[in-house]
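Notes for the one structure printed next.
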Amino acid sequence: MKTIKQNLFWAFAYNVILIPVAAGILYPFFIYSGVPAGLQFILGQYGFLNPMLAALAMAASSVTVVSNSLRLKGFRPPQIKDSNTKGGAQMTIDPVCKMEVDEKKAAATSEYKGQKYYFCAMGCKKAFDTNPEKYLTVKK
Ligand SMILES: [Zn+2]
């Protein structure tokens, strides 16, 4: 989150600083005195931003964003792996495809002989309903 904020800050900063300069906002300040010699390289003779420098600044801003994003790659949030309680969810096995299904998020459910079954998809439920015994014979 911090890196994203930094990226936004730099993108924002470059734009805020450079767009008015590029738009010639400094022009009125220099029109009487002329652009100081030291600034002429940056601002040109009339207070407009040198287009090449604008391009450079944009490249620099991209580099800032990219290098910040690269730092993100090195960061991996610790993951708690617990196959049976994913965030307190009740996990059950889809009898058709043997996939783990969260009871609360099951795509379909079916009741057979008083037992409730959970399915990952409607296709699995349909297959089960057609011939429940086929999928329950392996059940211990
Ligand atoms: Zn399934």
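The values are calculated or read from the model by the stated rules, or taken from the named source; none is laboratory data. Because the structure is a prediction, the values reported are computed rather than measured. Note that we place each Cβ from the backbone using ideal geometry, even for glycine, and neighbour counts take in every protein chain shown.
The residues in segment 89-105 that are closer than 20 Å to residue 137 by Cβ and more than 9 Å from the ligand (Cβ to nearest atom) can be counted, and the count is 2. Just checking, how many residues over segment 106-131 are crowded, with 20+ Cβ neighbours inside 10 Å and either part of a strand (DSSP E or B) or away from the ligand (no atom under 12 Å from the Cβ) (or both)? Counting residues in segment 106-131 that are crowded, with 20+ Cβ neighbours inside 10 Å and either part of a strand (DSSP E or B) or away from the ligand (no atom under 12 Å from the Cβ) (or both) gives 3.
Look at segment 1-14: where a residue is not assigned by TED's automatic domain parsing to the domain that holds residue 59, no partner that is at pLDDT 75 or above and loosely packed, with under 12 Cβ neighbours inside 10 Å sits 6+ places away or on another chain with Cβ atoms under 6 Å. Within segment 89-99, the set of residues being assigned to a strand (DSSP E or B) and either at pLDDT 95 or above or of a type in the set (Val, Ile, Thr) (or both) comprises 92, 93.
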